[in-house]
Amino acid sequence: MSTTRYAIFGDPVSHSRSPLMHNYAFRGLEVDACYGRWRLAEGSRLKETFETLGLRGANITVPHKEAAFAACDVLDPFAKKVGAVNTIVSRNGRLHGYNTDAPGFLRAIGELEGRRVLILGAGGTARATAVILKDSGYEVTILNRSAGRLETFRNEGFATATFETFAPGTYDLIVNMTSAGLEDESLPAPQPILEAVIPEARACIDVIYGKETPFLKLARAHGKPTRDGSDMLLYQGIIAFEHFTDHTFSFEEIRPHMQKAFEDV
Ligand code: NDP
């Protein structure tokens, strides 16, 4: 039998840690498979490229998660609900789509003390995460710099605000799900707003990983426990690997192998 192939699609994709994570797990669990990366400029060419490369499965990152959703023949109920796919598996010629980002986040926060969560940002990651948190019984408020993307959230029953309309409340967890701090040193919201909510919070998380963002620095300056997005990245990868291998391996079997991708850097 020939080696089974997997890849990550995105643009840019050179920074992605997914090939390292999955290849460690394939090697550690003695699965005859390899995982590469493919910079894809046009999301509309995702399915064709997947087939040309002879892949069994793929992960999809920015900006193609909606295109991946459109390319699938069969959708997992959660992916269907949030309209974004980050994991594809080909079975009997049909593409099955999943979203493992938000389940990865849920797993990463574990058992949170308190139920009130303030999400900064209203993009694709915020949407999927807000939905899974609400379905799990959390009270979620969305704060975004502009109003455009908030309507969908309001229609789904979330409390929403822009910087202009926000009336600070008390939140147990504050999560940065904007891209502020990813490639710059900006805060995700004006400092006075953040300083009105951080002191009351039990913890602050940034889903950006591999650096201490200005948001996390500010939270730490207020003495709050902080975490970056590494656990979310690891856990979404483990859940994707479970799908890739049709649940041959459990989460706990995969974890120590994939974890090595975070020890090397
Ligand atoms: P989107 O492009 O869909 O959304 C970006 C959001 O950030 C929008 O709400 C946008 O606001 C807001 N935003 C962008 N720049 C700023 C700024 N300077 N100040 C305030 N708000 C800003 O992105 P995604 O939802 O796909 O990703 C969001 C973040 O999550 C990224 O940093 C990404 O790297 C990270 N991520 C981490 C993962 C992990 O495993 N750790 C997994 C997936 C994502 P507006 O609507 O006004 O434009």
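Among the residues of the stretch 122-129, are any touching a residue at least 24 places away in the same chain (Cβ under 8 Å), within 9 Å of the ligand (Cβ to nearest atom), in the same structural domain as ASN176 (by TED's automatic domain parsing) and more than 26 Å from PHE69 (Cα to Cα)? No, that holds for no residue. As for the stretch 83-93, it holds no residue that is open to solvent by less than 40 Å² (accessible area, probe 1.4 Å), touching a helix residue (DSSP H, G or I) at 6+ places or on another chain (Cβ under 7 Å) and in a helix (DSSP H, G or I). Residues in the stretch 207-230 that are under 24 Å from ALA261 (Cβ atoms), more than 8 Å from the ligand (Cβ to nearest atom) and in contact (Cβ under 8 Å) with a residue 60 or more places away in the chain: ARG227 only. Of all residues in the stretch 166-224, exactly one satisfies the criterion of being aromatic (Phe, Trp, Tyr), over 12 Å from LEU118 (Cα atoms) and in a loop (DSSP other than H, G, I, E, B), namely TYR209. Within the stretch 51-69, the set of residues being in a helix (DSSP H, G or I) and in contact with a helix residue (DSSP H, G or I) (Cβ under 8 Å, 6 or more places away or on another chain) comprises LYS65, GLU66, ALA67, ALA68, PHE69.
Only one of the numbered conditions (1) touching a residue at least 24 places away in the same chain (Cβ under 8 Å); (2) surrounded by 15 or more Cβ atoms within 10 Å (Cβ to Cβ); (3) under 24 Å from ASN176 (Cα atoms) is violated by SER14, and that is (2).
Of all the residues in the stretch 59-76, those that are open to solvent by 40 Å² or more (accessible area, probe 1.4 Å) and polar (S, T, N, Q) number 0. Has the stretch 96-110 got at least one residue that is assigned to a strand (DSSP E or B) and basic (Lys, Arg)? Checking the stretch 96-110: not a single residue is assigned to a strand (DSSP E or B) and basic (Lys, Arg).
Please indicate, with yes or no, whether at least one residue in the stretch 247-265 is near the ligand (Cβ under 10 Å from one of its atoms) and free of Cβ contacts under 8 Å to residues at least 24 places away in the same chain.
No, the stretch 247-265 contains no residue that is near the ligand (Cβ under 10 Å from one of its atoms) and free of Cβ contacts under 8 Å to residues at least 24 places away in the same chain.
Within the stretch 174-188, being near the ligand (Cβ under 10 Å from one of its atoms) and surrounded by 24 or more Cβ atoms within 10 Å (Cβ to Cβ) holds for VAL175, ASN176, MET177, THR178, PRO188.
The values are calculated or read from the model by the stated rules, or taken from the named source; none is laboratory data. Worth saying up front: this structure is predicted, and the values here are computed from it rather than measured. Backbone-built Cβ (ideal geometry, glycine too); neighbour counts: all protein chains shown. For the accessible areas, the whole protein counts, side chains as well, though only heavy atoms, and no ligand, DNA or RNA atoms are used. Shrake-Rupley method; radii C 1.70, N 1.55, O 1.52, S 1.80 Å.
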